[in-house]
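Quick note: the coordinates plus some simple rules give every number you see, no bench work behind them. These numbers were taken from a predicted model, which means no experiment stands behind them. Here the Cβ is made from the backbone with ideal geometry for all residues, glycine too, and neighbour counts use every protein chain on show.
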Amino acid sequence: MHDRSRLKTSLLALVSAIAVSAILSAVCYATGRRLDPELIFLDPRRQPTVNEAIYAAMAEYALKSSERNDVLFIGDSTCAYGADPIRFEQLTGLRAYSCGTLAWMGPEGFLVLLDGYIRHHPAPRVVVLTLSPFVMEVDISDKDPDTTRRFIETFAPAAGRRLTIDGLAFYAKRGAVNLFGTGSDPRDLPVDGDQRRTCRGLASELAAGRGFGQLPGIHGPHWDHGVAPGRLIRSDWDAGVREIARRCRARGVQLLVRFAPISEAERTARDWPELDRWAKSLDGVTVARPMVVTYPPELMWDGIHLNAAGVERFMPIVAKEVQAVLKERGHGVSSTF
């Protein structure tokens, strides 16, 4: 009888502990859901990294702005540092914004940005997916996979997607920090490696450039393309681009894929016909040609990124290509060049 009483007491204590834990978790989660998504994504106990600051800035625009743009640029760093929406508007009269980030965000991250943008903005007339011709061989799990995973899980609900178990855990964790911690707002902390800027400061700079960020100086560090991989087109990138195309079709938006210029020294770095064969397999997508464009060193910051002079050469090309897509679809547009 005594043993049965002790067992009952132990079970009651266990059930009570589980109930308290469940209630506390629910309170933390509810608190987390009331926070800005950037505060779920960014860790309040440390400085944000440059990658995190860039990702947060683009998500903030996609999820909090509602302005109308004729053209949306998305893509990797060749988009972030190579597609200048202000110059594009001067050339075409078309309002544009760039949500270019980094290759390490991967196609799933680009989709979250696109979903968030379309959910909160009028649909653009054209989405220009701007990528390095090398990007589709990139294994995004090789570098900073935690940041990419947190970005997808924490911003997905605001972009209209279902919250996953991992996402629920992120929201509950940040809610707990907000309730019981003493962390600062990470958006006001200096960016790790760049003490001159805070996360908010970087976001303001990018917003002033309509999402475009100019790389400093004429040339940067040497960029080495490395050893040629066994395949140029990874399955996750292939599936991701096709899903971006599907999302655009569903909203009546034209998708233009434009591979950014590379240095003349990189022309023979890969078997480019493989990329051409892949492009021809895409349905309902305009792939700008020639796909692989090379620029002389004086226009390149490194092997794959443009300097200011390179951007000035590149934007009239993109402007004409977007106008051609609109004309082909029966949408007239004026030009200033």
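Tell me, what is the FRET efficiency for ARG95 and ALA324 to the nearest 0.05, using R0 = 30 angstrom and their Cβ-Cβ distance as r?
0.95
With a Förster radius of 35 Å, plug the Cβ-Cβ distance of ASP142 and ILE86 into 1/(1 + (r/R0)^6) and report the FRET value to the nearest 0.05.
That pair, ASP142 with ILE86, gives E of 0.55.
Could you rank the peptides 314-325, 263-274 by their average count of other C-beta atoms within 10 Å per residue, with the highest value first? Write down the numbers at each step before the final one.
On the way: 314-325: 19.8, 263-274: 14.7.
Taking the mean over residues of other Cβ atoms within 10 Å, the ranking is 314-325, 263-274.
When DSSP beta bridges are limited to those with both residues in the range 21-328, what percentage is antiparallel, rounded to the nearest 5? Walk me through the numbers before you get to the answer.
Working: 3 of 23 bridges.
If I count the DSSP bridges inside the range 21-328, around 15 percent turn out antiparallel.
Taking the highest mean first, how do the peptides 92-105, 61-74 order by number of other beta carbon atoms within 10 angstrom per residue?
Listed from highest to lowest mean packing, they are 92-105, 61-74.
7 Å from Cα along Cα→Cβ at both ALA308 and ARG119: what's the point-to-point distance in nm?
The modelled label-to-label distance comes out at 3.9 nm.
Note the full-extension length gain between SER281 and ALA239 as 0.36 nm times their separation in residues minus their Cα-Cα distance, in nm to one decimal.
Values: separation 42, 0.36 × 42 = 15.12 nm, distance 1.21 nm.
Length difference between fully extended and current span is 13.9 nm.
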